[in-house]
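J.: What follows is a single structure, and I will ask about it in a moment.
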Amino acid sequence: MSRRRIYIVVGYDDWFGVMSALKLVVLCLLGSIVIALGVQEKAEASEQTLRISYPYVQTDPVYKDISDYVHDLLKLLLSKSGNPYVVEPVYVPPVPMSRTVMYLNSGKFNVAWAHYDKHLDELLLPIPVPIFRGLGGWRLFFVRADDTRMAEVRDLAELKNFQLGQGHDWPDTTILRAAGFEVRTGVARDNLFQLLKHQRIDAFPRSVMEIWSEAKLPQASGLRVEEHVVLHYPTAFYLVLKRSDRELGEILQASFDKAILDGSFQQLFLAWKGDIFEQSRLNQRQVISIDNPVLGANARLDRHELWFSPSDLTGVKSDAQR
């Protein structure tokens with residue numbers, strides 16, 4: 001049997017059309033590949049493990065308590081990020097702010113917390129949510145056990161008759177001096193306990209989130225927490241990162257927004273320090289308020305849901321009510 005050969009004659013115009021169609025098919029395939037790769041990259045990025053390290057102070061029971069709270073706060077925030085995460089403590093002693101900046105920039109850890117002042121925005125990247133809800137600015141007083149003079153204080157002028165003690169590099173020292181207080185400084189908390197015991201100072205103000213734990217320390221024997229007065233000034237502690245770590249900063253801010261909206265941030269805080277409100281009886285004390293001239297511009301004081309206020313309790317006493 002003879003084989004027949006069939007020839008198809010394609011004109012120039014038809015051949016050009018076939019090639020154009022083939023090019024279009026190839027371009028579509030390449031486009032699909034690029035899109036698929038982009039989707040894969042986004043999926044991989046969303047599944048990227050967030051590794052958070054932070055300073056953990058275990059040598060002092062008060063600072064250890066704060067470190068534990070920050071650990072739980074970071075876990076709460078990262079659980080809302082949609083990413084797998086690891087939270088790792090880096091064991092350090094209590095260090096000044098300058099050392100915290102150095103450690104963050106060198107990568108020793110990538111998240112810390114710091115008092116928010118006018119210079120913090122220049123040094124680090126703060127996440128502008130007060131992690132202690134402003135309780136650092138509600139101050140009770142250590143006094144000697146036999147000293148009852150502060151029970152007679154009714155206003156700021158009378159309180160200024162007391163010489164106060166603070167750390168030489170604490171921001172509170174600047175705040176108190178700006179308000180007109182006479183402040184004697186010491187190198188550390190335990191040194192200030194000794195100054196108070198030996199009558200070198202009249203009172204040692206500490207925040208309500210610190211003072212009750214510190215009152216149990218052996219270094220505080222012979223001292224007591226004064227029952228009548230609370231000093232208040234706005235202050236905030238923010239989580240801070242090195243300035244170049246903006247992607248992590250956006251993740252933490254978005255997670256904070258979710259935790260504030262659903263109430264889990266407030267719940268965590270109350271689970272940590274809810275008992276101190278009954279101990280402190282802030283709604284039964286004379287509240288004396290002063291300004292904070294070193295507070296940074298992005299303090300968000302207008303967002304009332306971020307801050308603790310004893311005005312939510314009954315029977316608050318203030319200068320205006322006297």
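J.: Within the group ALA271, ALA297, which residue is small (Gly, Ala, Ser), in contact with an Asp or Glu (Cβ under 9 Å, 6 or more places away or on another chain) and either surrounded by 15 or more Cβ atoms within 10 Å (Cβ to Cβ) or in a loop (DSSP other than H, G, I, E, B) (or both)? Before the answer, list the steps.
T.: Working: ALA271 fails: either surrounded by 15 or more Cβ atoms within 10 Å (Cβ to Cβ) or in a loop (DSSP other than H, G, I, E, B) (or both).
Result of the check over ALA271, ALA297: ALA297.
J.: Is segment 275-287 home to any residue that is of a type in the set (A, V, I, L, M), open to solvent by 10 Å² or more (accessible area, probe 1.4 Å), closer than 23 Å to VAL230 by Cβ and more than 23 Å from the chain's Cα centre (by Cα)? Before the answer, list the steps.
T.: Of the residues in segment 275-287, the ones of a type in the set (A, V, I, L, M) are 276, 282, 287.
Next, only the ones that are open to solvent by 10 Å² or more (accessible area, probe 1.4 Å) stay: 287.
Still in the running and closer than 23 Å to VAL230 by Cβ: 287.
Applying the additional criterion that residues be more than 23 Å from the chain's Cα centre (by Cα) yields 287.
Looking for residues that are of a type in the set (A, V, I, L, M), open to solvent by 10 Å² or more (accessible area, probe 1.4 Å), closer than 23 Å to VAL230 by Cβ and more than 23 Å from the chain's Cα centre (by Cα), one finds at least one in segment 275-287, hence yes.
J.: So which strands (runs of 3 or more DSSP E) stay within segment 92-153 end to end and still have 2 or more residues that are touching a residue at least 60 places away in the same chain (Cβ under 8 Å) and basic (Lys, Arg)?
T.: Where strands (runs of 3 or more DSSP E) fall fully within segment 92-153 and carry at least 2 residues being touching a residue at least 60 places away in the same chain (Cβ under 8 Å) and basic (Lys, Arg), they are 138-144.
J.: Within segment 148-167, how many residues are under 19 Å from LYS197 (Cβ atoms) and open to solvent by 20 Å² or more (accessible area, probe 1.4 Å)? Give the steps one after another, and end with the answer.
T.: From segment 148-167, those under 19 Å from LYS197 (Cβ atoms) are 148-150, 162-167; that's our starting set.
Among the residues that remain, those that are also open to solvent by 20 Å² or more (accessible area, probe 1.4 Å) are: 148-149, 163.
Count: 3.
J.: Could you please tell me which pairs satisfy a Cβ distance under 6 Å, a separation of 6+ or placement on different chains, a first residue in segment 63-86 that is of a type in the set (S, T, N, Q), and a second residue that is surrounded by 15 or more Cβ atoms within 10 Å (Cβ to Cβ)?
T.: Pairs found: SER67/TYR56; SER67/VAL57; SER81/ILE251; SER81/SER255; ASN83/LEU50.
J.: Restricting attention to segment 208-234, and to residues there that are of a type in the set (Ser, Thr, Tyr) and modelled with pLDDT of 95 or more, which single residue is farthest from HIS304 (Cα to Cα)? Even if it seems obvious, please write down each step before you answer.
T.: Keep residues of segment 208-234 that are of a type in the set (Ser, Thr, Tyr), which gives 213, 221, 233.
Still in the running and modelled with pLDDT of 95 or more: 221, 233.
On the way: SER221: 38, TYR233: 15 Å.
Here the residue is SER221.
J.: Let me ask you something else. What is the one condition in (1) in contact with a His (Cβ under 6 Å, 6 or more places away or on another chain); (2) under 23 Å from SER309 (Cα atoms) that ILE175 does not satisfy?
T.: With respect to (1) in contact with a His (Cβ under 6 Å, 6 or more places away or on another chain); (2) under 23 Å from SER309 (Cα atoms), ILE175 is out only on (1).
This table checks each residue for (1) touching an Asp or Glu at 6+ places or on another chain (Cβ under 9 Å); (2) on the phi > 0 side of the Ramachandran plot; (3) of a type in the set (A, V, I, L, M, F, W, C).
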residue: LEU196; (1), (2), (3): yes, no, yes
residue: PHE204; (1), (2), (3): no, no, yes
residue: VAL208; (1), (2), (3): no, no, yes
residue: LYS216; (1), (2), (3): no, no, no
residue: SER221; (1), (2), (3): no, no, no
residue: GLU226; (1), (2), (3): yes, no, no
residue: VAL229; (1), (2), (3): no, no, yes
residue: TYR233; (1), (2), (3): yes, no, no
residue: LYS242; (1), (2), (3): no, no, no
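Results for (1) at pLDDT 95 or above; (2) among the charged types (D, E, K, R); (3) within 26 Å of ARG300 (Cβ to Cβ), shown as yes or no for each residue.
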| site | (1), (2), (3) |
| --- | --- |
| ASP117 | no, yes, yes |
| GLY136 | no, no, yes |
| LEU176 | yes, no, yes |
| PHE193 | yes, no, no |
| ARG206 | yes, yes, yes |
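J.: Hey, can you tell me all the residues within segment 234-258 that are among the hydroxyl-bearing types (Ser, Thr, Tyr) and in contact with a helix residue (DSSP H, G or I) (Cβ under 8 Å, 6 or more places away or on another chain)?
T.: Applying the first criterion (among the hydroxyl-bearing types (Ser, Thr, Tyr)) to segment 234-258 yields 235, 238, 244, 255.
Matches in segment 234-258: THR235, TYR238, SER255.
J.: Filtering segment 52-99 down to residues that are at pLDDT below 95, open to solvent by 50 Å² or more (accessible area, probe 1.4 Å) and among the charged types (D, E, K, R), which residue is nearest to LYS242 (Cα to Cα)?
T.: Filtering segment 52-99 for residues that are at pLDDT below 95, open to solvent by 50 Å² or more (accessible area, probe 1.4 Å) and among the charged types (D, E, K, R), the one nearest to LYS242 (Cα to Cα) comes out as ARG99.
J.: Show the residue pairs meeting these rules: Cβ distance below 8 Å; 6+ apart or different chains; first residue within segment 202-213 and basic (Lys, Arg); second residue assigned to a strand (DSSP E or B) and open to solvent by 10 Å² or more (accessible area, probe 1.4 Å).
T.: What qualifies is ARG206/ARG139.
The values are calculated or read from the model by the stated rules, or taken from the named source; none is laboratory data. What you are looking at is a predicted structure, and each value in this text was computed from that prediction instead of being measured. Glycine gets a Cβ as well: all are built from the backbone with ideal geometry, and neighbour counts include every protein chain shown. Ligands, DNA and RNA are stripped out before the accessible areas are found, and what is left, the full protein with its side chains, is counted by its heavy atoms. Shrake-Rupley method; radii C 1.70, N 1.55, O 1.52, S 1.80 Å.
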